[in-house]
1. Can you name the residue in segment 16-36 that is at pLDDT 95 or above and either surrounded by fewer than 18 Cβ atoms within 10 Å (Cβ to Cβ) or out of contact with any strand residue (DSSP E or B) (no Cβ under 9 Å at 6 or more places or on another chain) (or both) and is also nearest to residue 183 (Cα to Cα) among such residues?
2. Step by step: first the residues of segment 92-105, then only those that are outside any loop (DSSP other than H, G, I, E, B) and either surrounded by 13 or more Cβ atoms within 10 Å (Cβ to Cβ) or in contact (Cβ under 8 Å) with a residue 40 or more places away in the chain (or both), then the one that is nearest to the chain's Cα centre (by Cα). Which residue is that?
3. Only one of 50, 82, 2 is touching a residue at least 40 places away in the same chain (Cβ under 8 Å), out of contact with any strand residue (DSSP E or B) (no Cβ under 6 Å at 6 or more places or on another chain) and more than 19 Å from residue 180 (Cα to Cα). Can you tell me which?
4. Of the residues in segment 26-37, how many are within 20 Å of the chain's Cα centre (by Cα) and either over 20 Å from residue 85 (Cβ atoms) or in contact (Cβ under 8 Å) with a residue 40 or more places away in the chain (or both)?
5. Please find, among 60, 89, the residue that is under 12 Å from the mean Cα position of the chain (by Cα) and either modelled with pLDDT under 95 or farther than 18 Å from residue 185 by Cα (or both).
6. Let me confirm something: among 39, 12, 8, which residue is assigned to a helix (DSSP H, G or I), in contact with a strand residue (DSSP E or B) (Cβ under 8 Å, 6 or more places away or on another chain) and surrounded by 15 or more Cβ atoms within 10 Å (Cβ to Cβ)?
7. For the list (1) touching a helix residue (DSSP H, G or I) at 6+ places or on another chain (Cβ under 8 Å); (2) closer than 24 Å to residue 83 by Cβ, I need the number of the one condition that residue 216 fails.
8. Which strands (runs of 3 or more DSSP E) does segment 106-222 wholly contain that include 2 or more residues that are surrounded by fewer than 10 Cβ atoms within 10 Å (Cβ to Cβ)?
């Protein structure tokens with residue numbers, strides 16, 4: 001298959017290329033376009049309007065602004081990137097007769113910022129907190145409105161192929177939790193740094209629980 005991966009130079013994108021390139025033809029879409037092993041060519045966002053853009057069977061949309069652990073990013077930046085770019089690439093996907101599958105990497109933060117009870121399930125009414133989660137749920141809703149609008153009237157916004165108003169295409173929305181693995185630059189690395197220095201662990205007596213997934217397992221699912 002010919003795959004287009006947005007955000008191909010990021011953490012998940014780089015690992016996904018390694019996992020998929022042996023059996024698929026990979027094209028990238030990113031704000032930077034250096035050569036990358038396993039990627040035939042990386043295009044810029046302006047290239048989407050190029051009539052000579054190669055045939056694409058599936059789009060994997062990873063590009064986005066990640067959660068800012070330092071809280072220095074303006075709210076509008078999240079919506080410009082996470083919502084705006086999703087709208088652009090999804091409209092492009094719908095207009096392409098060759099593209100049949102669209103996979104959107106959202107985030108668990110689009111569903112909730114904290115959990116009341118043992119764990120979070122898909123049967124939760126989305127209640128994001130902050131511009132990161134809010135921009136992601138807005139992107140999700142845009143996709144659903146264009147693909148399966150009836151789902152927006154359901155509490156959980158769940159949909160399947162029977163709800164689609166677009167024939168011959170499929171859409172998947174993923175809400176991964178914290179991802180760890182080679183190349184990770186998230187806040188989990190802060191904990192790694194403390195442990196690697198061999199200093200006494202400064203935290204304790206907490207009952208906080210977090211879900212993790214390895215980037216390898218995530219690539220396997222895709």
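1. The residue in question is 18.
2. 105
3. 82
4. Here the count works out to 1.
5. Among 60, 89, only 60 is under 12 Å from the mean Cα position of the chain (by Cα) and either modelled with pLDDT under 95 or farther than 18 Å from residue 185 by Cα (or both).
6. Criteria check complete, one pass: 12.
7. Checking residue 216 against (1) touching a helix residue (DSSP H, G or I) at 6+ places or on another chain (Cβ under 8 Å); (2) closer than 24 Å to residue 83 by Cβ, the one that fails is (2).
8. No strands (runs of 3 or more DSSP E) qualify here.
The values are calculated or read from the model by the stated rules, or taken from the named source; none is laboratory data. Predicted model only: the values in this text are computed from it and were never measured. Please note: Cβ atoms are built from the backbone with ideal geometry, for glycine as well, and neighbour counts cover all protein chains shown.
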